[in-house]
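These notes are about the structure you will find just below.
The values are calculated or read from the model by the stated rules, or taken from the named source; none is laboratory data. Keep in mind the model is a prediction, meaning the values are calculated, not measured. Don't worry about glycine lacking a Cβ; one is built from the backbone with ideal geometry, like all the others, and counts go over all protein chains shown. Areas reflect the complete protein model, heavy atoms only, side chains present, ligands, DNA and RNA absent. Shrake-Rupley method; radii C 1.70, N 1.55, O 1.52, S 1.80 Å.
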Amino acid sequence: MAAARFPNLTILDHPLIQHKLTLLRGKGKSTRDFKQLVNEIAMLMAYEVTKDLPTEEVPIETPLERTTGRQVAGKKLALVPILRAGLGMVEGITQLIPSARVGHIGLYRDHESLQPVSYYFKVPLGGEARDFIVLDPMLATGGSASAAITKLKEAGARRLRLLSLVAAPEGVERMLEDHPDVPVFVAALDRELNDSGYILPGLGDAGDRLFGTR
Ligand code: PRP
Ligand code: URA
């Protein structure tokens, strides 16, 4: 059903991802456990999100003979967390892809208007030839992710994907309207947004839960 409505969306429903997401939603989680679960889920999701990266043949010498193998081709992948909460996903993914470059986009959502306010932008160069994975645990109205991707495109990025843990239908719709060329990967598509722009059932304020700020 979601696939028909949102051709840009892939829901990663691997049992381990779903199990850990359910634990993450629980309101009693400590900051430490919340952070660890976010990293673990991000790592599992990254495996799927990168499954169509281009590879190339390379020669390799085993202890017994020369042969060929395959390696990921092209420029090093770039992870681009949206500050702050996206930072919580970086460590897990870099355990899987240690050579990944990391850019940072600083955006926060104004509590009244829900509009994204930009405060920092620093990403690896080589835009057109590099794959970028934008990281943000929450895709709510979609304003922050859309603004981050617009900035990356302005800087030359062309091969982009968005990786979020939980999305609201409104956020996926916004991505489809603003950036139909960018695939969106999530662990769950939740029901709706409340009047304050929080995802229901969601998992609360991801930044505050990750960094223990509330
Ligand atoms: C949260 C979240 C996303 C954004 C999603 O960030 O981490 O970046 O809201 O909402 P949207 O889809 O409606 O834009 P927040 O502004 O709370 O900043 P933080 O990560 O610094 O806590
Ligand atoms: N940002 C969050 O951290 N949580 C939500 O539910 C929506 C936006």
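On a 0 to 90° scale, report how tilted helix 143-154 is relative to the longest principal axis of the chain, with both axes built from alpha carbons and the result rounded to the nearest 10. Compared with the principal axis, the helix lies near 40 degrees. From Cα pairs below 8 angstrom and at least 6 apart in sequence, can you work out the relative contact order of the chain, rounded to a whole percent? Computed over the chain, the figure is 22 percent.
Comparing 48, 177, 56 in a Gaussian network model of the chain where C-alpha atoms under 10 Å apart are linked, the largest mean-square fluctuation is found at 56. Applying the Karplus relation 6.51 cos²θ - 1.76 cosθ + 1.60 with θ = phi - 60° to region 169-181 yields 3J(HN,Hα) values of x, 4, x, 5, 4, 4, 5, 5, 5, 7, 9, x, 7 Hz, where x marks Gly and Pro. Build a GNM of the chain with springs between Cα atoms under 10 Å apart, and of 149, 105, 97 the one that fluctuates most is 97. Note on the chain: antiparallel DSSP beta bridges, both residues inside, total approximately 40 percent of the bridges counted.
In sequence order, region 88-93 has phi-based couplings of x, 9, 6, 4, x, 6 Hz under the Karplus curve 6.51 cos²θ - 1.76 cosθ + 1.60, θ = phi - 60°, and Gly or Pro positions carry x. Put simply, the amide H of residue 121, placed in the peptide plane, has neighbours under 5 Å in 106, leaving out anything fewer than 5 places away on its chain. A P(r) calculated from all alpha carbon pairs of the chain, with 10 Å bins opening at zero, reads 8, 35, 36, 14, 5, 2, 0 percent. Summary of the geometry: region 1-47 and region 101-161, compared by the centres of their Cα atoms, lie 20 Å apart.
Coupling constants for region 208-214 follow from the phi torsions by the Karplus curve (6.51 cos²θ - 1.76 cosθ + 1.60, θ = phi - 60°), and in residue order they are 5, 6, 5, 10, x, 9, 9 Hz; glycine and proline get x. When every Cα-Cα distance of region 112-214 is counted in 5 angstrom steps from zero, the calculated P(r) takes the values 2, 13, 22, 23, 20, 12, 6, 2, 0 percent. For the residues 109, 70, 101, a GNM of the chain with alpha-carbon springs under 10 Å puts the largest fluctuation on 70.
Take the chain with all the other protein chains still there, run a 1.4 Å probe, and you get 52 Å² of accessible area per residue. Think of region 71-214 as having a plus end and a minus end, set by charges on the Cβ of Lys, Arg, Asp and Glu; of 142, 189, 125, 125 sits farthest toward the positive end of this dipole. Counting only alpha carbon atoms, the long axis of helix 15-25 and the longest principal axis of the chain meet at about 30°. For region 62-214, with all protein chains in place and a probe radius of 1.4 Å, 51% of the accessible heavy-atom surface sits on carbon or sulfur. Relative contact order of region 168-214, taken over Cα pairs closer than 8 Å and 6 or more residues apart, is 30 percent.
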